[in-house]
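Following: one structure in C-alpha cells, then a few remarks.
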Amino acid sequence: MTQNYGTAQLTAAPTKAPLTAEGAGLAVRAGAASGPGARAARITGRPALHLLASLVVSLLAGSAAPTPLYAIYQRQWGFSAITTTIVFGVYAVAVLAALLALGRLSDSVGRKPVLLTALGVQVLSMLVFATAGGVGELLTARVIQGLATGAALGAIGAGMLDVDRERGALANALAPGLGTGSGALAAALFVRFLPAPTHLIYLALIGVFALQAIGVGLLRETVTRVPVRATAFVPEVRLPRAVRGPVLAAAPVLFAVWALAGLYAALGPALVQTLTGSASVVLGAASLTVLTVTAVSSVYLLRNVYARTVLVTGIAALVVGVAITLIALGVGSVGLFFAGTAVSGVGFGAGFQGGIRIVVPQAAPHERAGVLSLLFVISYLGMGVPAVAAGFGATDGLGLLGAARDYGIALIVLAGLALVGLRRTRRSVAGRA
C-alpha cells in the first residue's frame, strides 16, 4: 500500500538558496538553522494530508484483512458462522470503546502522540494475529486492533481537517472505503498466491505501519497541547450546538450504510460461496471489494455536489442496491448479486460522504476530533450490532440466505426512516451544509 507524496522541498538557512531533492517522496520543511535550537523537519500541506489519509487506509485494510482468512481459520479450528460474526463484532465493540474514551484525546495532547501510540498498538495486534493458534488469540487480536483503530480515527480525521478543511472532508469520506476494500482483496491475493497466508499478510502490514510511524514523527503538530484531566477519558457524548441539526440528519444514514458494510465484511464471502459453490477466497473477497470500489468511486464523482443531495442519493442507491441483491439471493443469480452489490456500494459511498460533509466542517477546530469520533461511533454501531445479529440468525433456523434476506429488508426500512429524518431536519441542514 504505497502512497506517492510528490516532490520534497528542503528549505535551508535563509542565506542559502533552496535545495530540491527529487524522489524523496515527502514535502518537508526544515528549520532555519542546524544545532540545538533548530526545528525538526516537518511534513506539511498536501503531503501531510496524503500521509494521514494513508493511515486510515492501512488501519482499515488491517481490519478487513482477516475477512478472507475466516474460512481457513474455520477449517483449522472448527468453529461456526456465529463465531465469525462474534470475532467481527468484538472488533466493532473495541473500536466503539476507544472512540468514546479516547476520541477527544488528541484535541488536548496533540495528534502525533495519539497516532504514534495507536500505530504501536496496531503492530502488537498484527503480531498476535500472525501467531494465533485458536479463536481466543483471534478475539484478543481483534480487541487490540479495535482499540488502536478507534483511538486513531478521530485524531486522523481531525488532523486532515486541520491541514485542509475542504480536501480533508473529502479524504475522510474516501479513505475508509478504500482501506476496507483493499485490505480484503490484498489478503485474498496473499491466500491465493503466497505461502503462509495467515502469517504473511500481517507481517506485511507491520512493515507498512512502521513506515507510516516514521512519517507521523515528521508531521507538524496542529494542536496546541493543554493539560489533560482524568475526566477526558470518561466516555461522553456532547454535541456542539452548531452540528446538532446536521448530526440528526446524518446519523440514520451513517448507521444504515455501515450496517451494509458490516454484512459484507462478516458474511459476504460465505454468501458468494453459497451462490457460486466455489471456495475461492479471491471470489469470496470480491463482494466486499466491489462494494468499496463503487463506494470510493461515488465519493470522488459526487465530491462537488451539494451535500444534502449526496445524502439523498446515498439513501436511494442503498434501497435500490439492496433490493436487487435480495432478488439475486432469491433466484440464485451471481451476476445479479454483484450488480446489486455495485449499486449498494454507491449508497455506501454517497451516504457516508454526505454525512461527513454535512456535519464535520461545521465543527470548530478544537471540536473536530470529538465530533468525528461521534460519527464513527454511530457508524461502528451500525457495522457491528446488526452483523452479529445476522450471524445468530444464520445459525438459529433462518440459514445464511434467510438471515441475509431479513437483514436486507431491515436495511431498506432503515433507509426509509433515514429519509424521513432527513426531511424533518431539512431546514437546519440547508442552512449549514
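The values are calculated or read from the model by the stated rules, or taken from the named source; none is laboratory data. Model, not experiment: these values are computed from the prediction. So basically every Cβ, Gly included, is an ideal-geometry build from the backbone, and we count neighbours across all protein chains shown. The area values use the complete protein model at the heavy-atom level, side chains included, leaving out ligands, DNA and RNA. Shrake-Rupley method; radii C 1.70, N 1.55, O 1.52, S 1.80 Å.
For this structure, a couple of remarks:
- Annotation: per residue accessible area for segment 356-422 equals 35 Å², rounded to a whole number [probe 1.4 Å, protein chains only].
- Ranked by the mean number of other Cβ atoms within 10 Å per residue, highest first, peptides 156-165, 218-227 order as 156-165, 218-227.
- Among 286-296, 200-210, sorting by the average number of other beta carbon atoms lying within 10 angstrom of each residue, highest first, gives 286-296, 200-210.
- In the context of the full set of protein chains, residues of segment 248-353 present 31 Å² of accessible surface per residue (probe radius 1.4 Å, heavy atoms only).
- Among the protein heavy atoms of segment 137-177, carbon and sulfur supply 55% of the accessible surface, probe 1.4 Å, non-protein parts ignored.
- For the peptides 114-122, 189-197, the ranking by mean Cβ contacts within 10 Å, running from highest to lowest, is 114-122, 189-197.
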